[in-house]
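Q: First the structure, then my questions, so here it is.
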Amino acid sequence: MSRADAILFDKDGTLFDFHATWSTWAGQVIRDLAGGEAVAMARLAEVAHYDLAAARFLPTSPIIAGTNREAAECLAGALHDRDVDEIEIHLMLSASEAPLAPAVPLAPYLDGLRARGLRLGVMTNDTEYGARAHLGTAGVLERFDFIAGFDSGHGAKPAPGPLLAFARAVSVAPGRVVMVGDSTHDLIAGRAAGMVCVGVLTGTAVAADLAPFADAVLPDIGHLPGWLLA
């Protein structure tokens, strides 16, 4: 018997490997916003907690689990002549074209879950526009029953509102939903919603970060089907 009737996935660091997708994207965003000017790039990297030499976010970055708006506000602190709304729009449009690195081959993986009768959703602190663009590019948009961003009207993680909106949308009790994510934001939201919580290690957090909030911590989402039936 399966542990759940529905699965709600985080997007970045969960469906898509975080560093291969977002650390690469962030390096280009920093260059674009700074106009290639070294001092401005260094200021942006500092507020974003981004290692320019390694081309990787640091685990302490406030951008990793934040909303698109919060990321824009963070970067605006290093760009005193740029409007936050302008930066936010730039992030949304550029993020929709980020180089995607799926954690596993998504189409057959999701088809396998759906064949078990599981309802599937995505809730991200990215925009809904970005989420739909990424899932469409990956060829899996139609596999999901529910897709929400921080701007979809349900709130943002770590609040439980968007998770409970998924449960209502698919008519599944929260206790029969698994929330899968790579950050403590995901798991804290899942706990608050009364869901089963599974952490994955395809983001920036290590197992010790996630374990206090999770029922299980797995290497990646590919291990989830076996865990559901264990």
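The values are calculated or read from the model by the stated rules, or taken from the named source; none is laboratory data. Note that the coordinates shown come from a computational prediction; the quantities given were computed from them, not determined experimentally. Cβ atoms come from the backbone with ideal geometry, glycine included; neighbour counts cover every protein chain shown. Remember, those area values only see protein heavy atoms, side chains included, never the ligands or the DNA or RNA. Shrake-Rupley method; radii C 1.70, N 1.55, O 1.52, S 1.80 Å.
Q: How about the stretch 80-99: which of its residues are outside any helix (DSSP H, G or I) and surrounded by 18 or more Cβ atoms within 10 Å (Cβ to Cβ)?
A: ALA98
Q: Which number in (1) surrounded by fewer than 20 Cβ atoms within 10 Å (Cβ to Cβ); (2) over 16 Å from the mean Cα position of the chain (by Cα); (3) in contact (Cβ under 8 Å) with a residue 40 or more places away in the chain marks the one condition that LEU224 misses?
A: With respect to (1) surrounded by fewer than 20 Cβ atoms within 10 Å (Cβ to Cβ); (2) over 16 Å from the mean Cα position of the chain (by Cα); (3) in contact (Cβ under 8 Å) with a residue 40 or more places away in the chain, LEU224 is out only on (1).
Q: Are any residues in the stretch 31-61 open to solvent by less than 70 Å² (accessible area, probe 1.4 Å) and of a type in the set (Asp, Glu), and if so, which ones?
A: Once the filter is applied, which keeps residues that are open to solvent by less than 70 Å² (accessible area, probe 1.4 Å) and of a type in the set (Asp, Glu), the stretch 31-61 yields only ASP51.
Q: Same structure again: Out of all the residues in the stretch 102-115, which are surrounded by 15 or more Cβ atoms within 10 Å (Cβ to Cβ) and outside any helix (DSSP H, G or I)?
A: PRO102, ALA103, VAL104
Q: Checking ILE188 against (1) out of contact with any Pro (no Cβ under 7 Å at 6 or more places or on another chain); (2) modelled with pLDDT of 95 or more, only one condition comes out false. Which one?
A: (1)
Q: Okay, moving on. Give the residue, chosen from SER171, SER183, that is open to solvent by 10 Å² or more (accessible area, probe 1.4 Å) and more than 20 Å from ALA65 (Cβ to Cβ).
A: Only one candidate qualifies: SER171.
Q: Provide a single number: the residues in the stretch 134-145 that are of a type in the set (A, V, I, L, M, F, W, C) and open to solvent by less than 30 Å² (accessible area, probe 1.4 Å).
A: 3
Q: Still on this model: For the stretch 116-131, enumerate the residues that are modelled with pLDDT of 95 or more and surrounded by fewer than 17 Cβ atoms within 10 Å (Cβ to Cβ).
A: ARG116, GLY117, listed by residue number.
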